[in-house]
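Written below as structure tokens is the structure these notes are about.
The values are calculated or read from the model by the stated rules, or taken from the named source; none is laboratory data. Just so we're clear, the structure is a prediction, and the values are computed from it rather than from any experiment. Here the Cβ is made from the backbone with ideal geometry for all residues, glycine too, and neighbour counts use every protein chain on show. For accessibility, only protein heavy atoms count, side chains too; no ligands or nucleic acids. Shrake-Rupley method; radii C 1.70, N 1.55, O 1.52, S 1.80 Å.
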Amino acid sequence: MPDRSHPFPASRAPILSALSLTLLAWLPGAADAQPLLRDPAALLVPPPAVSLKRASAAPTLLIVTDARQTSAAVARRYGVPAEAVDLLPTPEPGVRVRRVKLPAEQAAAVPVRPESVIDYTVRPGETLDLVARRHRLTLTELLGVNLERESLDDLKSGETVRIPTAETGVLVRIKPGQTALSLIAGYGADLQATAQANGVLPTELGVGDELLLPGILAEDFHEQLVERRENEEKADAEARILAQYTRFTQWKKDRERARLEEKYAKQAKYEAYLAWKTSPERQRRIAAYQRQVQFEAAEAARRTRERADQLQASQQQTAANRAAATTAASSSNIGRGEVVGRVTAGGGLGWPMRSYRITSRYAERDIPFHQQVFHGGIDLAAPTGTPIYAAAGGTVTQSGYGAYGLNVFTASGNATLVYGHMSRTAVAAGQTVSRGQLIGYVGCSGICTGPHLHFEIRLGGQTVDPLALLP
């Protein structure tokens, strides 16, 4: 819709404003005006309180035009009678300054609208297209009487939409500085058809009234809204793509951060390991391990020497042990030959395991339990499940839980062999076993500090050191 409220382009407005101020200075009575510079002492006096009052006189405008514009044209443009426009003198050639006396402010009258244009309340779920089809209108015809809309998709339930029920066209509101005739001419509408469509003479309409211009289609306005919708959809699509890309880049950053954190954690762990390798604690452990190895080697050498010494000092054992050994050798089948003060034989004792480590010897008080209870055998340490074999032939007198956890007792004559702390037995009570026969497996049942075999020899009910009888 063309805007004819400005007689000059907006680009010349600053020039005309400055010119208006200049012309005001040349108006009659300007010589009696106050001087521009006041007394400096007056600047120190506080200004009086300002009170705003509504002007009772009619407002006026100063209009600067060229020589071609007439007072009648200015009056028509501002909707005032010709006598309300005064031509003011000015020495500038080719320039005209006019004072326009606007009508005094009156009570706002109810705007006039064509009776054929009605208000329609939008129902839930309706769109502009649906409202137009419901009233047998095109979307362009509906937009022609609703030029204030800013979007094709912002229709809300309960909102009021204007509907043309007869003539269709463009419904405009007359603004200050406009008239119905100027709008008809500006849009190129038919004067007679406009008067019939509005049911009133255009000259009777004033500022604020609505004027229906029949036959005028708001195609440009429709195209603008369609273009705006397309731009909004494009912007939404770009925003979604940007948001998706932002989420993707953030995911990549998070993934890279997690990878780096994992890398740094591994590096820190490795550095901690390197620090541990050279730490005093590890050096102490290595030294302790080496001392343990040396100790075990010394213990093995000592046991070897003890066996040799025990073989030489076997005749110096207590009288009871020598008598018991002599009686056992003569009355049992452990040995087949002469008595030598211990279990002998052509089928004498054998070690109950193939692989082991002696951790506690006969009568040794190496742990708190052995300090409280006499240790009547030897402990042979080995992994759980290591096979245990009969050290000598005999009859199984006990197989199950007893004094040494899960244990097996075998008897031959007055000699009893005890195998303790098993994880599982392989023989049953009453069964006869021979030397080297599987009788169970190493475990840690009963009172135990680790997987091992408690091996004990009793002669006449009295425990003796197994190392003195084993080969």
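Take the alpha carbon gyration tensor of region 338-447, find the square roots of its eigenvalues, order them as a ≥ b ≥ c, and report rounded if a/c is under 1.5; if not, report prolate when a/b exceeds b/c, else oblate. Oblate, because a/c is 1.5 or more while a/b does not exceed b/c.
With the whole protein complex present, residue 119 retains an accessible surface near 90 Å², based on a 1.4 Å probe. Remark: accessible surface ordering of 361, 435 (largest first) is 435, 361, probe radius 1.4 Å.
Label reach from residue 127 (point 7 Å along Cα→C-beta): in region 200-226, amide nitrogens under 18 Å belong to 222-226. Here's how it looks for residue 209: its modeled amide H is under 5 Å from those of 112, 174, which are all 5 or more places away or on a different chain. Remark: spin-label model distance residue 224-residue 90 equals 3.2 nm, labels positioned 7 Å along the Cα→Cβ axis. With q set to 0.14, 0.19, 0.25 Å⁻¹, the log10 of I(q)/I(0) for region 206-273, from the Debye formula over equal scatterers at the Cα positions, is -0.73, -0.88, -1.02. Ranked by the mean number of other Cβ atoms within 10 Å per residue, highest first, peptides 159-168, 244-253 order as 159-168, 244-253. Around the amide H of residue 117, modelled in the peptide plane, lie the amide H atoms of 165, all under 5 Å away and 5 or more residues distant in sequence or on another chain. Under 5 Å from the amide H of residue 439 lie the amide H atoms of 388, 389, 390, each residue being 5 or more positions distant or on a separate chain, with H modelled from the backbone and absent for Pro and chain starts. Modelled this way, with points 7 Å down the Cα-to-C-beta line, the labels at residue 305 and residue 233 are 10.3 nm from one another. Here the 3J(HN,Hα) profile of region 205-218, calculated from phi with Karplus coefficients 6.51, -1.76 and 1.60 at θ = phi - 60°, is 8, x, 4, x, 6, 9, 10, 8, 9, x, x, 9, 9, 8 Hz, Gly and Pro shown as x. Once the C-beta distance of residue 424 and residue 248 is scaled by a Förster radius of 51 Å, the resulting FRET efficiency is 0.25 to the nearest 0.05.
A simple rule links phi to the HN-Hα coupling: the Karplus curve 6.51 cos²θ - 1.76 cosθ + 1.60 with θ = phi - 60°, which for region 270-277 gives 5, 5, 5, 5, 4, 5, 5, 4 Hz, with x for Gly and Pro.
Among the protein heavy atoms, those of residue 221 account for about 40 Å² of accessible surface (1.4 Å probe, every chain in place). Summarising the label geometry, the points placed 7 Å from Cα in the beta-carbon direction at residue 76 and residue 414 lie 15.6 nm from one another. Accessible surface comparison of 273, 187, probe 1.4 Å, protein chains only, largest first: the order is 273, 187. Per-residue surface analysis assigns residue 151 an accessible area of about 20 Å², computed on protein heavy atoms at 1.4 Å probe radius.
Which FRET efficiency, nearest 0.05, do residue 384 and residue 438 yield, Cβ-Cβ r, R0 22 Å? Can you show the working numbers first?
On the way: r = 16 Å, r/R0 = 0.72.
Computed FRET efficiency for residue 384 and residue 438 comes out at 0.90.
The 3J(HN,Hα) values that the Karplus relation (6.51, -1.76, 1.60; θ = phi - 60°) gives for region 283-297 are, in residue order, 5, 5, 5, 4, 4, 5, 5, 5, 5, 5, 4, 4, 5, 5, 5 Hz. Gly and Pro appear as x.
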